[in-house]
1. Can you pull out the residues in segment 187-199 that are touching a Pro at 6+ places or on another chain (Cβ under 6 Å) and crowded, with 16+ Cβ neighbours inside 10 Å?
2. Out of curiosity, is residue 168 of a type in the set (D, E, K, R), surrounded by 17 or more Cβ atoms within 10 Å (Cβ to Cβ) and without any contact (Cβ under 8 Å) to a residue 40 or more places away in the chain?
3. Of all residues in segment 200-240 being of a type in the set (Ser, Thr, Tyr) and over 17 Å from the mean Cα position of the chain (by Cα), which is farthest from residue 155 (Cα to Cα)?
4. Where the second residue is of a type in the set (S, T, N, Q) and at pLDDT 95 or above and the first is within 18 Å of residue 298 (Cβ to Cβ) and surrounded by fewer than 19 Cβ atoms within 10 Å (Cβ to Cβ) and lies in segment 308-331, which pairs have Cβ atoms under 7 Å and are six or more apart or on separate chains?
5. Among the residues of segment 142-154, is any free of Cβ contacts under 8 Å to residues at least 40 places away in the same chain, over 24 Å from residue 205 (Cβ atoms), not polar (S, T, N, Q) and not in a helix (DSSP H, G or I)?
6. Confirm whether residue 191 is among the hydrophobic types (A, V, I, L, M, F, W, C) and in contact with a Phe, Trp or Tyr (Cβ under 6 Å, 6 or more places away or on another chain).
7. Going through 272, 228, 291 one at a time, which residue ends up being in the same structural domain as residue 201 (by TED's automatic domain parsing) and either touching a residue at least 60 places away in the same chain (Cβ under 8 Å) or under 28 Å from residue 196 (Cα atoms) (or both)?
8. Within the group 301, 251, 279, which residue is touching a Lys or Arg at 6+ places or on another chain (Cβ under 7 Å), assigned by TED's automatic domain parsing to the domain that holds residue 314 and in contact (Cβ under 8 Å) with a residue 40 or more places away in the chain?
Amino acid sequence: MTLRSLIFGLTMLAFGHVSPLLAQSDEIKLEAPQPKITTVSAMRARRAPQVTAEEIMRLKLGAVVNAVARSPSQDTIGGKTDYWYRVNLSNGQTGWLFGGLLLDYNAREREEILLQVIEARVKAENTDFSDRQEIYNLAADAINQAKDVNRRAEFELLKLLALARWAESFPDELQDKSPYREWRKAHDAEVIPNEFGGGYNLRSELLWELERKYRTLPIADRIAWEAAQNPQPSDCEGDEVCNFFRIESEIKYLSLHPNGAHAVEAIRNLTAVLTDDVISRANAKGGDKYAREEQDALRKIVASLRLAVGKTSAAEKSELLKKLARITSTR
């Protein structure tokens, strides 16, 4: 290296603009291969420990690799600070993966690790249609490998939640093109077109069926709450009665799990939507055909709400009971 090049490199380092290749002149060999698992979809393996290095291949979500070396210093990417790891790839080559997108892997704890990875990706916001396909596929594979009924139930729930997120990201403008056309055929019985918001919504009955299947397990409470919270196509536009009808699923949750983990939240939500206007319209009599149909529907829901509230021991139900007492009309 010439004196001029050395001075330039030191200057760039001082100002924090030196490339990782210049700053990291060597790698640190690991004493033994360290298993790692990818936590994102289509993770890029590169020829060098920097984001601008040539891409060798992409790894699927949940891919397990062996790290054999790491970079001498850490890097910060997307708010995460970690080393780069040189790993053995399935094509026989080695490549560099950023450690901030990896987790330590242990085959004996595979199910727990997969739960952690899938759960995090289901909740992630910055995922697109193809990303969500990998999340769904990983959850589906995990179901088949689960050795315990409790784990299987967790993975079945995550599969449905992954499908729900996947359906939401469906690009309507491409629905007649491959692979979106095939997706619609494969999942037609599981989703509903959302004509108001675009994309599709998971059919809530799939979650309720899963709750019935695993009702004796602790996870049934969470499944029921996910069913109650699963969005369905709606265009209420501020209509208070419409919003009251929409929250009927929380009544079902409260009836099935009156003292469940989300019982208090359900009671507060139901109290909020049981407004003066809803009470007034439930007490109304007469009117045209549509008004009478609405009154009948409201009274039916109110009756189921009374039964559900009667099952819970939550102290927060007192305000809701006061509101229900104001609804006196019967047929």
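1. Across segment 187-199, the qualifying residue is only 194.
2. Values: of a type in the set (D, E, K, R): yes; surrounded by 17 or more Cβ atoms within 10 Å (Cβ to Cβ): yes; without any contact (Cβ under 8 Å) to a residue 40 or more places away in the chain: yes.
So residue 168 passes the test.
3. The first filter runs over segment 200-240 and keeps only residues of a type in the set (Ser, Thr, Tyr), leaving 200, 204, 214, 216, 234.
Now drop any that are not over 17 Å from the mean Cα position of the chain (by Cα), which leaves 214, 216, 234.
On the way: 214: 12, 216: 16, 234: 29 Å.
Residue satisfying both the conditions and the ranking: 234.
4. These pairs meet every condition: 323/271.
5. Going residue by residue through segment 142-154, those that are free of Cβ contacts under 8 Å to residues at least 40 places away in the same chain are 142-148, 152.
Narrowing further to those that are over 24 Å from residue 205 (Cβ atoms): 145, 147-148.
With not polar (S, T, N, Q) added as a condition, the list becomes 147-148.
Then keep just the ones that are not in a helix (DSSP H, G or I); that gives 147-148.
Yes, segment 142-154 contains at least one residue that is free of Cβ contacts under 8 Å to residues at least 40 places away in the same chain, over 24 Å from residue 205 (Cβ atoms), not polar (S, T, N, Q) and not in a helix (DSSP H, G or I).
6. Working: among the hydrophobic types (A, V, I, L, M, F, W, C): yes; in contact with a Phe, Trp or Tyr (Cβ under 6 Å, 6 or more places away or on another chain): yes.
Criteria met by residue 191.
7. Details: 272 fails: in the same structural domain as residue 201 (by TED's automatic domain parsing); 291 fails: in the same structural domain as residue 201 (by TED's automatic domain parsing).
So the residue among 272, 228, 291 that is in the same structural domain as residue 201 (by TED's automatic domain parsing) and either touching a residue at least 60 places away in the same chain (Cβ under 8 Å) or under 28 Å from residue 196 (Cα atoms) (or both) is 228.
8. Numbers: 301 fails: touching a Lys or Arg at 6+ places or on another chain (Cβ under 7 Å); 251 fails: touching a Lys or Arg at 6+ places or on another chain (Cβ under 7 Å).
Unique residue meeting the criteria: 279.
The values are calculated or read from the model by the stated rules, or taken from the named source; none is laboratory data. The model shown is predicted, which means the values in this text are computed figures rather than measured ones. Note: ideal-geometry Cβ built from the backbone for every residue, glycine included; neighbour counts use all protein chains shown.
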